[in-house]
Amino acid sequence: MKILSYLLVYRRFLLIVLTPLLLLPLPLIIKTKEAECAYTLFVVAIFWLTEALPLAVSALIPAFMFPLFGIMGSKEVASAYFKDFHLLLIGVICLATSIEKWNFHKRVALRMVMLVGVNPAWLMLGFMVSCAFLSMWLSNTSAAAMVMPIVEAVAQQIIRAEAEADALEMPCSNGSINPALELDENIGECESSDWKEKEKQVNGYDNNVGSTVCITEKENEKEKEQQNLPPAETGRKSREDKYSGIFKVMCLCVAYSATIGGLTTITGTSTNLIFAEHFNTRYPGCQCINFGSWFILSIPITVVILLLSWVWLQWLFLGFDFKNMFKCGKKKTAREEASAQVIREEYKKLGPMSYPEIVTLVLFILMTLLWFTREPGFIPGWSSLFPKYKGYATDSTTALVIGLLFFIIPAKTFSRTSNGENTVFGYTPLITWKEFQSCMPWEIAILVGGGFALADGCEVSKLSEWVASKLAPLGSLPLWLVILISCLIVTSVTEVASNPATITIFLPILSPLAEAIHVNPLFILIPATLCTSFAFLLPVANPANAIVFSYGHLTVMDMVKAGLGINIIGVAVVMLAIMTWIVPIFDLYTYPSWAPNIPSTNSTGL
């Protein structure tokens, strides 16, 4: 047993040491550049999937292995670690930093929830829409972390109001327990986890998120004794189940909408950015992937998945009551009054919009408009004002220009005293470099750079050509089946590996696959990229899930049960989209001139 305990403790160290040693026969026996590149790829992929080393550290392995194997020079490899993607990321993070610093995100979330009303179903939809909207512009993790405290406060107030109403309706005699008092105790137990623990779970090695769940032995005993409860206790248990369902559905709607919203924009999640940079680097002749084109193809997908997810979660945990959902002119319940009160109070605390919030909003709108109008497609965009430098300006150009303004525009204006004199404040910009650094995901930046280095190594060593030749027989399968298989594989892997690592591994494989079967690469790459974000099953599948799970209202089975349905919905909607409305946007049934013309044995049925 001691040996097993030692192995368990040092499993990461053993994996780090044994993986390169066990794979070493590959380059030693075959002795080709393809085998040497494959060796590097396998080592990095295993480290990424198992997270034996931090993702960014594993991403640095090609920087020294490729020069040692003679695949690429050190200067060539180094240039792969900083691309146009990183400039775009810097500009977006400047915007996100200002939004978080000046609390603009909270105002947006509360305002959206106030617009949809306080009926439980509509309240849930309001949180989903607001969280998804924030996730379009911020990281999924940040969106979930911002909205979840608001949801927690609203849900707790709903429970307290309903518990008090139930206590008034039923007499608390004959030794019966006041559910409102007992509820406060349960809520208190679940408030013990703090933000430091959540950050440790999301960013560190400790993926055992279940340690923060407020499930005690007492609750397990209650489940065992449920069958023998007297009628009064049975009624109390049913009310507790109802309260638990409210907490569960509120938590899950935040976790899932944060992920779904990130699909909408090219900057919404790191997987979209990685895809865009990989695609534009591999196929420089195609300028079809930009902010506007991605938004057009993905917004219907996001809306449909969000609505179906809302219906699914509502039905699964609370039941779908159409009569109560669409009732008009009826008196609000205690739950609805409590929700409205909490949201109104939270919004009042924010006060009127401050000067920094207004400037942030203006710059946000300006950045979005410049992204959409650079090359809209149906009319000439602002990039046509520079005909001599066509293709020079990209989405990162806009992001950097607006991002720079956040460091220049002052955060405070002059204010007049009673004497009519201006009060002078010290000059402080909207954001500082330290604040930017605290928000910048450097791990993702290095991880993506490692992925680009691996992709370049596969091209130089001819490994990608070898893979393409081996994948050519898949051309005999129907196209929809090839796409479905790739989507299911990516969706399965992303449940146990990080989303950026998954997409970085699969893009260099799926691109040669599309070329080998003589199919427009976008036909396979777009659905695979979207499905990489479908990490809904487990708390450790992505940081947004971990943050929500750490509040203690969910069990792993709750997330598995709900996430399986969302996964099925997501893959089905993506398949529907790629076979219908996305086809005319990119003329997918035509093999493009910008893709390599590889001799093919393709008999794919379109």
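For the range 4-87, the carbon plus sulfur part of the accessible surface works out to 76%, probe radius 1.4 Å. Residue by residue, the range 269-275 carries 3J(HN,Hα) couplings of 8, 5, 5, 5, 5, 5, 4 Hz when phi is fed to the Karplus relation 6.51 cos²θ - 1.76 cosθ + 1.60 (θ = phi - 60°); x denotes Gly or Pro. Of the whole protein surface, Trp480 contributes about 130 Å² of accessible area at a 1.4 Å probe radius.
Accessible surface area normalised per residue over the range 18-95 is 45 Å², counting heavy atoms of protein chains with a 1.4 Å rolling probe. How would the range 512-577 be classified by its alpha-carbon gyration tensor: rounded, prolate or oblate, with rounded meaning a/c under 1.5 and the a/b versus b/c comparison settling the rest? Prolate, since a/c reaches 1.5 and a/b exceeds b/c. Summing charges over neighbours of Arg374, with a neighbour being any other residue whose Cβ is under 14 Å away from its Cβ, gives -2 when K and R count +1 and D and E count -1.
Sorted largest first by accessible area at a 1.4 angstrom probe radius, with every protein chain in place, the residues Ile568, Ile509 fall in the order Ile568, Ile509.
Is the range 1-95 best put as rounded, prolate or oblate by its Cα gyration tensor, with a ≥ b ≥ c the root eigenvalues, rounded for a/c under 1.5, and otherwise prolate when a/b is larger than b/c, oblate when not? The shape class here is oblate. Out of the total accessible area of the range 455-564 (probe 1.4 Å, heavy atoms of protein only), what percent is carbon and sulfur? Carbon with sulfur: 76 percent of the solvent-accessible area. Ligands, DNA and RNA excluded, the heavy atoms of Arg12 present near 70 Å² of accessible surface to a 1.4 Å solvent probe. Extending 7 Å from Cα along the Cβ direction at Thr50 and again at Ile379 yields two label points whose distance is 5.6 nm. Greater than 20 Å separation of Cα atoms is the criterion. Which listed pairs, Lys75/Lys470; Lys101/Lys348; Lys248/Lys348; Lys349/Lys434; Lys106/Lys561; Lys83/Lys462, meet it? Going by Cα-Cα distance, Lys75/Lys470; Lys248/Lys348; Lys349/Lys434; Lys106/Lys561; Lys83/Lys462 fall outside the 20 Å limit. Rounded to the nearest whole Hz, the Karplus-based 3J(HN,Hα) values (6.51 cos²θ - 1.76 cosθ + 1.60, θ = phi - 60°) of the range 552-558 follow the sequence x, 9, 10, 9, 4, 5, 4, with x at glycine and proline.
Per residue, the range 460-507 exposes 41 Å² of accessible surface when a 1.4 Å probe is rolled over the protein heavy atoms with every protein chain present.
Sorting Trp594, Trp48, Trp442 by accessible area puts them as Trp442, Trp594, Trp48; the probe is 1.4 Å, largest comes first, and only protein heavy atoms count.
The figure for Thr590 is an accessible area of roughly 70 square angstrom, using a 1.4 Å probe on the protein chains alone. What FRET efficiency would be calculated for the residue pair Thr32, Thr281, taking the C-beta separation as r and a Förster radius of 41 Å, to the nearest 0.05? So the FRET efficiency works out to roughly 0.95. Of the listed residues Val496, Val342, the order by accessible area with a 1.4 Å probe, largest first, is Val496, Val342. Amide H to amide H distances under 5 Å link Lys412 with Thr428, where only residues 5 or more positions off or on other chains count and H is placed in the peptide plane. Coupling constants for the range 65-73 follow from the phi torsions by the Karplus curve (6.51 cos²θ - 1.76 cosθ + 1.60, θ = phi - 60°), and in residue order they are 6, 5, x, 5, 7, x, 7, 9, x Hz; glycine and proline get x. Take the Cα of Ile485, step 7 Å toward its Cβ, do the same at Leu366, and the gap between the two points is 5.1 nm.
The values are calculated or read from the model by the stated rules, or taken from the named source; none is laboratory data. Quick caveat: nothing in here was measured; it's all calculated off a predicted structure. Counting neighbours? That spans all protein chains shown, and the Cβs are built from the backbone with ideal geometry, glycine included. All accessible areas refer to the heavy atoms of the entire protein, side chains included, with ligands and DNA or RNA removed. Shrake-Rupley method; radii C 1.70, N 1.55, O 1.52, S 1.80 Å.
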